[in-house]
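Peer 1: There's a structure below that I have some questions on.
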Amino acid sequence: MKFAVKALSSGKARAGVVHLGSCPSSIETPCLLLSTRKGLPIFISPDLLSSLPSPDSNLLQFSPLHFSEGPSPKTISSIGGLHQMVGLHEYGFAAVARDSIQCLPECGSTNKTGASFETPCGRRLIKPVEYMEMITSMKPNLWATLADEVPAWANNKRNKTSVDRTVKWLDECIARSPAGGAVFGSIVGGSNIEERKRCAQEVAVRNVSGYWIGGFGLGESMEERPSLLNAVTDNLPKDWPRMICGLGLPEEVLQGVAAGVDLFDSAYIYHLTIGGFALTFPLDRTEKIDYNYQLSDQGSDRTKINLRATVYRKDATPIVEDCCCYTCQNHTKAYINHLLNVHEMLAQILLEIHNTHHYLGFFRSIREAIKEGCFEQFQKKFVQSRREHLAADVVSV
Amino acid sequence: MALRFEVLGRFNRARAAQLTLPHFACQTPLFMPVGTQGTIKGLTTDQLEEIGCQIILGNTYHLALRPTSELIDELGGLHKFMNWPRALLTDSGGFQMVSLLHLADITEKGVTFQNRIGADIIMALDDVVRTTITGPRIEEAMYRTLRWVDRCIAAHKRPHEQNLFGIVQGGLDPVLRDICVRGLVDRNLPGYAIGGLAGGEDKDSFWRVVAQCTAALPEDKPRYVMGVGYPLDIVVCSALGADMYDCVYPTRTARFGTALVPEGVLKLKHNAMVNDTRPIDPTCACMVCKNYTRAYIHCLVTKDAMGSQLLSYHNLYYMLQFPKGDVPEWVCNAMDVAGIDISSCCSS
């Protein structure tokens, strides 16, 4: 894996380029890692994946825990690794134990032997040895070391233990590191600035290719997050990539970018999709009054629409007028409304395609803003415009 | 009449033909996947085109319920609504009828709904009785079917854009079937379906009804055996001279974790699949068999939506490619013994 920072804006936000062995093209950062379940998107079938913008959509994230009920590491090895098993040879895979959707850290059950997660197969305890066995068989392009993540309300003692444990497991994982595959050292520390700093400093001196920032999206508030993020990134070398989990919403991603994070997972697309929502917030960065959005309706909050709303029953227009995703090019709001109504799986497939496409567009605007040196304004304007819409809605009610 | 049917090749009773419908020129024999509610579960129209789907079947009853036939009409018909450029067939809505008391309404309403939905082929309302039932009910159903066909013809508002097919009923009784066939042929419909089968009757009775009907129905019009079915049944019916089939089986069985393979079925849920690194079917050229192992599909089925999708894709690919493909030799041999020669369809 190769990574380089190409531009900086507002001090810490950086635009970079990451190159992974299996991907034919380099991928620009900040970028979004698409969520998968067992290596394939949750709804978008592999032959439809290629309809998403490339190479933006070529980075996928999975959790080794997805395979806790099989196939076994031995079988996965004999198939040739994850890329081979899921037939996505020209994609990059990032392995992280936590996937923010269905593999959620359960710190109460985590102990000195391993990390515990709530999964669809029940609660699983995974030890560094087992974790590394899975990583070795799956051969992801990059992987995060096993971490002990605690929520924001964990007490200081528990938080401190999580840092000590995470660093210890980091060393154990590195010791069993397979050849090939970039190791990202995990950094935790909860909501404690000092612990965050301590952990970052410990990991910064280890022999890793990048950093995975854990423990966010577990209860900390929007207000306290920036200082916690900075406590980590201020203590990391600038030349290595930083990946994070748990910052899903656009405003949260912007906080991460402002602190100097490069790679993001997001459960946002998944939750929108299963809720029947489609993203519609404008991606165009130019100052423009959008008259459509002034005509408020029950189905929209101007950032997304709820396609279950009856107002869309006869709407023969696409979700977003000039969107070039498969869904908007081929289908109407009326059809998706019908599919949701009759509980047909195609609804989720079409929504996941559109929402992924749209969110990738959001990341593209972030990169453009950084390269133009105006990221801070971009962030301010974005957050402001969303608040304005909310205020306007309150007034109109 | 809004279709052209041209037989291009024959062997004895089996025929290969071109069925030109308003939205698509189809090659028969063909299999129609069932897209009950305006979609084939989990597959996009692009994927369906890619695997060779020519006609999709929609259920009038379900569509009339949601989103309603009026809405579909207002938005330009079902083709436009679901963005399917090829052909559609809708059933009469009668199969799912609940109450017999409102029959008088349903006969014409079924056609009206189908006119609004706009499919290339629409089915006349028939009085369907299970073949496992005996007695006067079957005769009653057969005569009622004939009377209803006349009402359907009268109610059909778009004969130049939509083809009304009549359905032959009569249970397993050759005399009743004969009366029904002759009655329908007299009405000079664009095509005919053989109904009332695929409901649990024994196979030896099943093929005899199909054989009788295909012998008596006009040569130059398509014959559609409703609800069929298993690949072997399709082979037999094609040998006997049928052209069109529909069944929920391939997609439904996919959602339960079963794949269709030349040898029969493969139950991907089974523990034996856990570490099996072979593809579902090494002879299959579909995207699923080319990229995935049984072990991987096993870990998906019944747990993740993707498992259903991939298996549905494979199963439909199998059904859609298969009537054109090679017939297993053992079937040819069995047909030989039964006195039906389909040697030209067997792999040489």
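Peer 1: For region B:267-291, enumerate the residues that are in contact with a Leu (Cβ under 7 Å, 6 or more places away or on another chain) and either at the interface with chain A (Cβ under 10 Å from one of its Cβ atoms) or under 16 Å from A:GLY80 (Cα atoms) (or both).
Peer 2: B:VAL288
Peer 1: Please specify each residue of region A:345-380 satisfying the condition of being crowded, with 21+ Cβ neighbours inside 10 Å and either without any contact (Cβ under 8 Å) to a residue 40 or more places away in the chain or charged (D, E, K, R) (or both).
Peer 2: Within region A:345-380, A:LEU346, A:LEU350, A:GLU352, A:ARG367 qualify.
Peer 1: Here's another thing I want to ask about it. Residue by residue through region A:93-130, note down the ones that are outside any loop (DSSP other than H, G, I, E, B), over 17 Å from A:ARG37 (Cα atoms) and in contact (Cβ under 8 Å) with a residue 24 or more places away in the chain.
Peer 2: The answer is A:GLY114, A:ALA115, A:ILE126, A:PRO128, A:VAL129.
Peer 1: Another question, then. Going residue by residue through region B:298-314, is there one that turns out to be β-branched (Val, Ile, Thr), within 14 Å of another protein chain (Cβ to nearest Cβ) and either in contact with a strand residue (DSSP E or B) (Cβ under 7 Å, 6 or more places away or on another chain) or surrounded by fewer than 18 Cβ atoms within 10 Å (Cβ to Cβ) (or both)? Show your work before the answer.
Peer 2: From region B:298-314, those β-branched (Val, Ile, Thr) are B:301-302; that's our starting set.
Of the ones still in play, those that are also within 14 Å of another protein chain (Cβ to nearest Cβ) are B:301-302.
Keeping just the survivors that are either in contact with a strand residue (DSSP E or B) (Cβ under 7 Å, 6 or more places away or on another chain) or surrounded by fewer than 18 Cβ atoms within 10 Å (Cβ to Cβ) (or both) gives B:302.
For region B:298-314, residues β-branched (Val, Ile, Thr), within 14 Å of another protein chain (Cβ to nearest Cβ) and either in contact with a strand residue (DSSP E or B) (Cβ under 7 Å, 6 or more places away or on another chain) or surrounded by fewer than 18 Cβ atoms within 10 Å (Cβ to Cβ) (or both): present.
Peer 1: For A:LEU218, are the conditions met, namely being closer than 26 Å to A:ILE101 by Cα, modelled with pLDDT under 95 and in contact with a strand residue (DSSP E or B) (Cβ under 9 Å, 6 or more places away or on another chain)? Quick ask: steps written out before the conclusion?
Peer 2: Values: closer than 26 Å to A:ILE101 by Cα: yes; modelled with pLDDT under 95: yes; in contact with a strand residue (DSSP E or B) (Cβ under 9 Å, 6 or more places away or on another chain): yes.
In short, yes.
Peer 1: Considering only residues that are more than 13 Å from chain A (Cβ to nearest Cβ) and among the hydrophobic types (A, V, I, L, M, F, W, C), which ones fall in region B:75-94? Show your work before the answer.
Peer 2: Let us first name the residues in region B:75-94 that are more than 13 Å from chain A (Cβ to nearest Cβ), namely B:86-94.
Matches in region B:75-94: B:ALA87, B:LEU88, B:LEU89.
Peer 1: With the condition kept exactly as written, say whether any residue in region A:141-156 is crowded, with 24+ Cβ neighbours inside 10 Å, of a type in the set (Asp, Glu) and more than 30 Å from A:LEU49 (Cα to Cα).
Peer 2: Yes, that holds for at least one residue.
Peer 1: Quick one: A:ALA7 ticks every box in (1) within 10 Å of chain B (Cβ to nearest Cβ); (2) of a type in the set (A, V, I, L, M, F, W, C); (3) out of contact with any Phe, Trp or Tyr (no Cβ under 9 Å at 6 or more places or on another chain) except a single one, so which number is it?
Peer 2: (1)
Peer 1: Only one of B:ARG13, B:ARG4, B:ARG66, B:ARG86 is surrounded by fewer than 23 Cβ atoms within 10 Å (Cβ to Cβ) and in contact with a Gly (Cβ under 6 Å, 6 or more places away or on another chain); which?
Peer 2: Working: B:ARG4 fails: in contact with a Gly (Cβ under 6 Å, 6 or more places away or on another chain); B:ARG66 fails: in contact with a Gly (Cβ under 6 Å, 6 or more places away or on another chain); B:ARG86 fails: in contact with a Gly (Cβ under 6 Å, 6 or more places away or on another chain).
Exactly one of B:ARG13, B:ARG4, B:ARG66, B:ARG86 is surrounded by fewer than 23 Cβ atoms within 10 Å (Cβ to Cβ) and in contact with a Gly (Cβ under 6 Å, 6 or more places away or on another chain), namely B:ARG13.
Peer 1: Right, another one. Under the condition of being of a type in the set (D, E, K, R) and exposed (fewer than 14 other Cβ atoms within 10 Å of the Cβ), which residue from region A:98-136 is farthest from A:GLY81 (Cα to Cα)? Quick ask: steps written out before the conclusion?
Peer 2: Start the filter on region A:98-136 by keeping residues that are of a type in the set (D, E, K, R), which leaves A:98-99, A:106, A:112, A:118, A:123-124, A:127, A:130, A:133.
Okay, now just the ones that are also exposed (fewer than 14 other Cβ atoms within 10 Å of the Cβ), so A:112, A:123.
Values: A:LYS112: 29, A:ARG123: 25 Å.
Ranking the candidates gives A:LYS112 first.
Peer 1: Please name all residue pairs, on different chains or six or more residues apart, with Cβ atoms under 8 Å, provided the first residue is in region A:271-283 and is within 17 Å of A:CYS325 (Cα to Cα) and the second residue is of a type in the set (Asp, Glu).
Peer 2: The qualifying pairs are A:THR273/A:GLU352; A:PRO282/A:ASP290.
Peer 1: I want to confirm something. Restricting to region B:230-248 and keeping residues that are surrounded by 22 or more Cβ atoms within 10 Å (Cβ to Cβ) and in a loop (DSSP other than H, G, I, E, B), which single residue is farthest from the chain's Cα centre (by Cα)?
Peer 2: B:LEU240
Peer 1: What is the residue count in region A:167-190 for residues that are in contact (Cβ under 8 Å) with a residue 12 or more places away in the chain, assigned to a helix (DSSP H, G or I) and closer than 17 Å to A:VAL150 by Cα? Write out each step before concluding.
Peer 2: Just the residues of region A:167-190 that are in contact (Cβ under 8 Å) with a residue 12 or more places away in the chain, to begin with: A:167, A:169-174, A:176-178, A:180-190.
The next check asks that each one be assigned to a helix (DSSP H, G or I); those that pass are A:167, A:169-174.
With closer than 17 Å to A:VAL150 by Cα added as a condition, the list becomes A:167, A:169-170.
Residues that pass the stated criteria total 3.
Peer 1: While we're looking at this one, here's another question. Going by the structure shown, is A:LEU60 closer than 28 Å to A:GLU344 by Cα, modelled with pLDDT of 95 or more and within 14 Å of chain B (Cβ to nearest Cβ)?
Peer 2: Details: closer than 28 Å to A:GLU344 by Cα: yes; modelled with pLDDT of 95 or more: yes; within 14 Å of chain B (Cβ to nearest Cβ): yes.
Yes: the conditions hold for A:LEU60.
Peer 1: From the list A:ASP99, A:ASP56, A:ASP47, pick out the single residue that is within 30 Å of A:GLY373 (Cα to Cα) and of a type in the set (Asp, Glu).
Peer 2: Numbers: A:ASP99 fails: within 30 Å of A:GLY373 (Cα to Cα); A:ASP47 fails: within 30 Å of A:GLY373 (Cα to Cα).
From the options A:ASP99, A:ASP56, A:ASP47, the qualifying one is A:ASP56.
Peer 1: Sticking with this structure for a sec: Across region B:53-74, what is the number of residues that are touching a strand residue (DSSP E or B) at 6+ places or on another chain (Cβ under 9 Å), more than 22 Å from A:VAL311 (Cβ to Cβ) and either at the interface with chain A (Cβ under 7 Å from one of its Cβ atoms) or not β-branched (Val, Ile, Thr) (or both)?
Peer 2: Step one: filter region B:53-74 for residues touching a strand residue (DSSP E or B) at 6+ places or on another chain (Cβ under 9 Å), giving B:53-60, B:63.
Checking which are more than 22 Å from A:VAL311 (Cβ to Cβ) leaves us with B:53-60.
Right, trim to either at the interface with chain A (Cβ under 7 Å from one of its Cβ atoms) or not β-branched (Val, Ile, Thr) (or both) and you get B:53-54, B:57-59.
Here the count works out to 5.
Rundown of residues vs (1) under 28 Å from B:ARG4 (Cα atoms); (2) surrounded by 24 or more Cβ atoms within 10 Å (Cβ to Cβ); (3) basic (Lys, Arg); (4) touching a strand residue (DSSP E or B) at 6+ places or on another chain (Cβ under 6 Å), yes/no style:
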{"position": "B:ASP126", "(1), (2), (3), (4)": "yes, yes, no, yes"}
{"position": "B:THR134", "(1), (2), (3), (4)": "no, no, no, no"}
{"position": "B:ARG147", "(1), (2), (3), (4)": "yes, no, yes, no"}
{"position": "B:ARG151", "(1), (2), (3), (4)": "yes, no, yes, no"}
{"position": "B:VAL175", "(1), (2), (3), (4)": "no, no, no, no"}
{"position": "B:VAL181", "(1), (2), (3), (4)": "yes, no, no, yes"}
{"position": "B:LEU189", "(1), (2), (3), (4)": "yes, no, no, yes"}
{"position": "B:GLY196", "(1), (2), (3), (4)": "yes, yes, no, no"}
{"position": "B:GLY199", "(1), (2), (3), (4)": "no, no, no, no"}
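Peer 1: How about region A:217-265: which of its residues are crowded, with 23+ Cβ neighbours inside 10 Å and of a type in the set (D, E, K, R)?
Peer 2: A:ARG242, A:ASP262, A:ASP265
Peer 1: Okay, next question. In region B:8-20, which residues are farther than 18 Å from B:VAL225 by Cα and in contact with a strand residue (DSSP E or B) (Cβ under 6 Å, 6 or more places away or on another chain)? Break it down into steps so the answer makes sense when it comes.
Peer 2: The initial filter retains those residues of region B:8-20 that are farther than 18 Å from B:VAL225 by Cα, namely B:8-12, B:20.
Correct list: B:LEU8, B:GLY9, B:THR20.
Peer 1: Same structure again: Of all residues in region A:70-108, which are aromatic (Phe, Trp, Tyr) and either out of contact with any helix residue (DSSP H, G or I) (no Cβ under 9 Å at 6 or more places or on another chain) or within 13 Å of another protein chain (Cβ to nearest Cβ) (or both)? Walk me through it before giving the result.
Peer 2: Keep residues of region A:70-108 that are aromatic (Phe, Trp, Tyr), which gives A:91, A:93.
Hit for region A:70-108 is A:TYR91, nothing else.
The values are calculated or read from the model by the stated rules, or taken from the named source; none is laboratory data. This is a predicted model, so every value here is computed, not measured. Here the Cβ is made from the backbone with ideal geometry for all residues, glycine too, and neighbour counts use every protein chain on show.
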